[in-house]
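Here the structure comes first, spelled out in structure tokens, and everything after it is commentary.
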Amino acid sequence: MSQLSATLLCLSFLAVMSCARPANAEVLSVGANGFEVRETAHVAAAADKAFAALLQPARWWSSEHTFSGSAANLVLDARAGGCWCENLPDGGSVEHLHVVYVAPGKALRLRGALGPFQALGVEGSMTWTVKAGANGTDISVSYSVGGYAKDGFDGGSKAADHVLAEQIERLRKFIEV
């Protein structure tokens with residue numbers, strides 16, 4: 001078993017065993033050529049506040065899901081062509097995603113392959129939406145990944161679902177503090 005396969009298998013196990021998930025988290029589809037996951041959360045805050053918080057991943061993303069071990073190293077330049085990047089020790093860096101669409105207060109779309117997907121022949125599209133409602137704001141993130149993965153996408157879809165469910169919950173808590 002390759003190192004990447006072992007990592008995805010481990011993350012899949014964690015996803016199955018996790019119980020701290022938002023009410024609406026799911027793998028929408030998975031196939032031989034990719035997958036799509038979606039997570040949603042409701043926050044007791046105005047949409048503008050929720051969107052502003054979304055643009056500060058260094059304040060809510062889990063350090064466990066960074067290359068450097070510190071979410072404080074994450075930077076998001078929220079404009080088309082901008083980067084969701086991470087500064088690494090000794091002057092290194094990682095491009096996690098790049099920004100392709102920003103509708104202030106409403107939506108943020110990024111492209112790229114997160115974490116272990118960077119080592120595969122895949123591409124991803126991540127869309128965050130923020131929608132005001134009568135009792136607060138609904139935040140949703142969808143992540144679609146397509147391409148080639150030798151071992152398929154079942155384990156990777158579950159891992160991505162788990163990681164993004166954790167992140168949207170962390171974002172919700174950050175907003176409601």
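The values are calculated or read from the model by the stated rules, or taken from the named source; none is laboratory data. Fair warning: this is a prediction, and the values are worked out from it, not measured in the lab. Glycine also receives a Cβ, built like all others from the backbone with ideal geometry; neighbour counts cover every protein chain displayed. For the accessible areas, the whole protein counts, side chains as well, though only heavy atoms, and no ligand, DNA or RNA atoms are used. Shrake-Rupley method; radii C 1.70, N 1.55, O 1.52, S 1.80 Å.
Here are a few things to note about the model shown:
- Solvent-accessible ranking of D151, D161, D138, largest area first, probe 1.4 Å: D151, D138, D161
- Dipole magnitude (debye, nearest 20) for the chain, charges at Cβ of Lys, Arg, Asp, Glu: 380
- Dividing the mean sequence gap of close Cα pairs (under 8 Å, 6+ apart) by how many residues the chain holds gives a relative contact order of 32 percent.
- A simple count of charges around T127, restricted to other residues whose Cβ falls under 12 Å of its Cβ and scoring Lys, Arg +1 and Asp, Glu -1, yields +2.
- Take the chain with all the other protein chains still there, run a 1.4 Å probe, and you get 50 Å² of accessible area per residue.
- Whole-percent carbon and sulfur share, accessible surface of the chain, 1.4 Å: 54
- Choice from A149, A160, A78 showing the highest fluctuation, given a GNM over the chain with Cα pairs closer than 10 Å: A149
- Each residue of the stretch 97-107 is assigned a 3J(HN,Hα), and the resulting list reads 8, 10, 7, 10, 7, 9, 10, x, x, 10, 7 Hz, derived from the Karplus form 6.51 cos²θ - 1.76 cosθ + 1.60 (θ = phi - 60°), x at Gly and Pro.
- Calculated P(r) tail over 30 Å for the chain, as whole % of Cα pairs: 13
- Heavy-atom accessible area order for S62, S70, largest first, 1.4 Å probe: S70, S62
- Degrees separating the helix 3-17 axis from the principal Cα axis of the chain, which is the longest one: 50
- Computed with every protein chain present, the accessible area of R38 is close to 90 Å² [probe 1.4 Å].
- Derived scalar couplings between HN and Hα for the stretch 158-173 equal 5, 5, 4, 4, 4, 5, 5, 4, 5, 5, 5, 5, 5, 4, 4, 5 Hz in order, rounded to whole Hz, by the Karplus curve 6.51 cos²θ - 1.76 cosθ + 1.60 (θ = phi - 60°), x for Gly and Pro.
- From its DSSP helices (H runs of at least four residues, each -39,500 (n - 2.57)), the chain gives a residue-normalised ellipticity at 222 nm of -9000 deg cm²/dmol.
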